[in-house]
Each structure stands twice: as C-alpha cells, then as structure tokens.
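Report on the structure given below.
The values are calculated or read from the model by the stated rules, or taken from the named source; none is laboratory data. Only a predicted model underlies this, so the values are computations on that prediction, with no experimental measurement involved. Cβ coordinates were reconstructed from backbone atoms using ideal geometry, including for glycine residues, and neighbour counts include every protein chain displayed.
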Amino acid sequence: MDELPQEDRERIDADHDETLIEPIAEILYQRERPWYTRDQIRIRLKEEYNNDVTNPTIDDRLDDLLEVELIKRKRIGQTDIFYYNSEESDWPIPPDTEVEAVDDEMTVSEFFAKTYVQWAGIGVLAVLLGGIIIWVGSLQASNVISLPFNNSEILAVGLLTFLLSYGLLLIAVLVAILDFAVEVEPPDIVT
C-alpha cells in the first residue's frame, strides 16, 4: 500500500483526527481508481481501515483536505468526485497511466502563425514574381514575345520586385532574431 508522502502529511492540520483524515488522503493518493465519490471513500474506509463513519464526517474531512489543496473536487451531474491533487495533471490520473512531460516543440500551425514566417513567405513569393517578370522581360528583349511595355520598364519592375523581396526577407530575419531573443510575439502586421 502506498503511504502518503511526509510533506503531504505535514500539510494536514494536526487538530483533526488523523485516524480518519490520513486514510482518506491515502485512498485518494493510491489512485487505485482515478477518482472517488464520497460513498466509494466510505466503503474503502470500512473495508481497508475498519472505520465506519457517517457521510457528514467524511464531507468535513474532504473539505479539510480541499482546504489544504491536497485533493481536488469536480462536480459531475449531481455527484462530487474527489481525486488527489497532482502536479502532473489538473485532472484525475488513472492508475494505469504514466504522465509524460509537456511537449514544447512547435507544431506546424504554430510555425506558420509566426510573423517572421509570414514575412519570409511573402518575400519568397516576391522573389518568384520578380523572377517571372525578369524572365518575361528577357523573352521580350530576344523578340520571342511582344508586349506593349518597354524592355527596360519590364526589367526595372522585375529588379525592383527582387529588391522588395530582399527587404521582406531581411525584415523576416530581424523579426525572427527578435522573436528568439525576447520570446515575445511581435505585432502582427501582415494580417
């Protein structure tokens, strides 16, 4: 039988009848079930600890354990369920479950929601657009296609688009550096 850790025993008020309050805490700590109702606790007290107590007495001891935040209570329909307050989870932990550490890795949607990724995406699209414009200007210069625009105007627009894209990529890099250094999301200018 798992005994209540000493630090949790110390949190229980010494003025209470320890023959009753500690067994209730131990029942919830052992987690043979993820949670217990008051009646299930009363049955376990009678079977395992040979304590036959009334529901109001159990309610008082449960309230004491709630007060020192050793256990938690949730209301399910017309019944309260009680479970041991674990640092590992805000919810009852089933006995056959092993709690793993929180995954801090960024998801794909979180990655694309970053401002610097959005700026970089716009910069890459501008590079592609500038490349297409320069390619069209080169085809017109070699008389493969004919457009109503001057060659130098088309090439100038393509080169300006390249310049714009490099500026956007530079902004994306600077915002990414700030994001990693400060750990604060910069204002969302793109949307």
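Filter region 52-110 for residues that are at pLDDT 85 or above and under 30 Å from Asp179 (Cα atoms) and give the result.
Val108, Ser109, Glu110, listed by residue number.
I need a count of the residues in region 39-56 that are surrounded by 17 or more Cβ atoms within 10 Å (Cβ to Cβ) and in a helix (DSSP H, G or I).
Residues that pass the stated criteria total 4.
For residues that are free of Cβ contacts under 8 Å to residues at least 40 places away in the same chain and surrounded by 14 or more Cβ atoms within 10 Å (Cβ to Cβ), tally how many sit in region 58-72.
The total comes to 5.
Looking at region 133-175, which of its residues are of a type in the set (Gly, Ala, Ser) and out of contact with any helix residue (DSSP H, G or I) (no Cβ under 7 Å at 6 or more places or on another chain)?
Scanning region 133-175 gives Ser138, Ser142, Ser152, Ala156, Gly167.
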